[in-house]
1. For segment 274-288 and segment 196-241, write down the distance between their C-alpha centroids in whole Å.
2. Work out how much length A199 to L429 would gain on full extension: take 0.36 nm times their residue separation and subtract the Cα-Cα distance, in nm to one decimal.
3. In whole Å, what three semi-axes, largest first, describe the equivalent ellipsoid of segment 298-436 built from its Cα gyration tensor (square root of 5 times each eigenvalue)?
4. What relative contact order, as a whole-number percentage, does the chain give when Cα pairs under 8 Å and 6 or more residues apart are counted?
5. At 7 Å along the Cα-to-beta-carbon direction for both A6 and E114, put a label point, then send me their distance in nm to one decimal.
6. Using R₀ = 56 Å, calculate the FRET efficiency as 1/(1 + (r/R₀)^6) where r is the Cβ-Cβ separation of R18 and D284; round to 0.05.
7. Antiparallel DSSP bridges in the chain: what percent, to the nearest 5?
8. Compute the acute angle (0 to 90°) between the alpha-carbon long axis of helix 64-77 and the principal axis of greatest extent of the alpha-carbon atoms of the chain; round to the nearest 10°.
Amino acid sequence: MYPTVAEALALPVVRRARPRVVAGAGGIQRRVRWVHAAEIADIAHLLRGGELVLTTGIALPDDADGLARYVADLAEVGAAGLVVELVRRWGGGVPAALVTAAERHELPLVTLAEETRFVSVAEAVVALIVDAQLAELRAAEQVHETFTALTVAGAEPAEVLREVARTSGLPVVLETLGHEVLAYDAAGQDPTALLADWAARSRAVTQPERTAYHERSGWLVTVVGARGADWGRLVVLSPEPPPHRHVVVAERAASALAVHRLVARDRESLERQTHRTLLTQLLDRPPHDLVARAAALGVPLERRQLVGVAIRPGAATPPAQALATQEVLRDLAEAAALATRRVTVPALVGVVDDTSVRALLSLPPAAGLDGVLRRLAREVHRTAATTPHSVPVVIAVGTTVSALTEVRRSLGEAAHIAAAAMRSPGNRLYHRLDDVRLRGLLHLLRDDERVRAFADRELGALVDRDANQGSRLLELLRGFCEHGGNKSAAANAAHLSRTAYYQQLARIEQILGVSLDDPESVLSLYVALVVHELGER
């Protein structure tokens, strides 16, 4: 917020005195906090740092050691620079000892060739300082207004970080206290380089205060969360010490993120949101930085065994309770994430649709997959039972893959297997494709137009009859097939007398033009029924 020595020398009142930097040019960008005119040699103890000292030199020491000590004292207290008017004492130029000492300490030493009114110089520089402070206050006020609007609007973390990057022009990262990256905005820089080895770099940066600048790493860090309930850190990567407005930006952004967390407490956690985003991208078109982002979350995706998992509530929820379903899934996602941590399996876990929780497990190449899956499944069942809704769960596992391009297939298979297993979950810890047999195969083929056409040919007339006349012949046929052709058992399940049920079966045979005594016809109808049922999901 303060002008530099170079900016002070560019003022008209200084330029008229023909300023010349004779030493310490490397410090010309030092900030000038104040201007102080002094003719005594022991002035340093009266300064606080950042002063541009003006002198005619009439009271400075005559000897080289005294001049060197004078400059060393100024440098020690952090003076911004020394300006010497040459008219009164050193008309031929300042002593070599003064130049040498200033150069050694990189303290800008400036000579003025013309007589100068120091009060005019002080007024001009102080005016610069005041203007800069006013500009900084206006910028800070604008920052407050911007982030207040974001907070009131309930902006997502990505929006908050985008505004930080836009305002500061610097990359920003939101991490957990465990140094896992939750969100970031690279501000146009390479995100892979930004996130490379993030956890190790972050652990090396500690801070004694809630907001601090770590000069060695070039990180401006502020804690996110209410006091006593901190949950993250916001890091602005600033190679140079940040101006005050950047500190304000970081602190206001942290406040907006903390408020968002409080408001969203009854919704999925920020960690689950981040995982959900990555899983959604894996199911669609993975961006080029996805591997780096996942690694920053502690889930490496390269040279690993990758396994898609789907977890569904075992109890179906009526459509009218869609909100309740989402609450169940959010609780289940948190339970599944806790289970992966307990068995120390790196995983992305999130809710990506309205039916299930998805997870992508990342295992070392030599890890024993079956043992890991058994331990994880037991832990998921156990933690799911402790959630507020305490629902049983069905766990399904897709094919193990090693390439990022194959992850979509593994996650998709897991979802299909879980849906197929819902019909007969049994007591299995988890299901794989060979466990769901015909229903699993049909799940994988359900979007094939030829399969749908087959189901329509087999059942079309019956579906139309039920739709037009309000009958339930399709339901009765399903009961007959599921009871293996046992008409008495099917009649009892349908709560009909055997005579009435036999009449309905005869009507089905007449409408479809088939015989239900023919095993091949029954098999074809059952396959068509499963395909039809899957198409309704």
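1. For segment 274-288 versus segment 196-241, the Cα centre distance is 27 Å.
2. Using 0.36 nm per residue and subtracting the Cα-Cα distance, I get 79.4 nm.
3. Values for segment 298-436, descending: 23, 15, 14 Å.
4. Here the relative contact order equals 9 percent.
5. Using points 7 Å along Cα→Cβ, the separation is 2.4 nm.
6. Efficiency computed from Cβ-Cβ geometry: 0.25.
7. Values: 45 of 58 bridges.
Of the beta bridges lying entirely in the chain, close to 80 percent run antiparallel.
8. The angle comes out at about 30 degrees.
Bear in mind that the values in this text are calculations on the coordinates, not laboratory data. Owing to the predicted nature of the structure, the values given are computational and were not obtained by experimental measurement. A quick note on method: Cβ atoms are made from the backbone with ideal geometry, for glycine too, and the neighbour counts reach across all protein chains shown.
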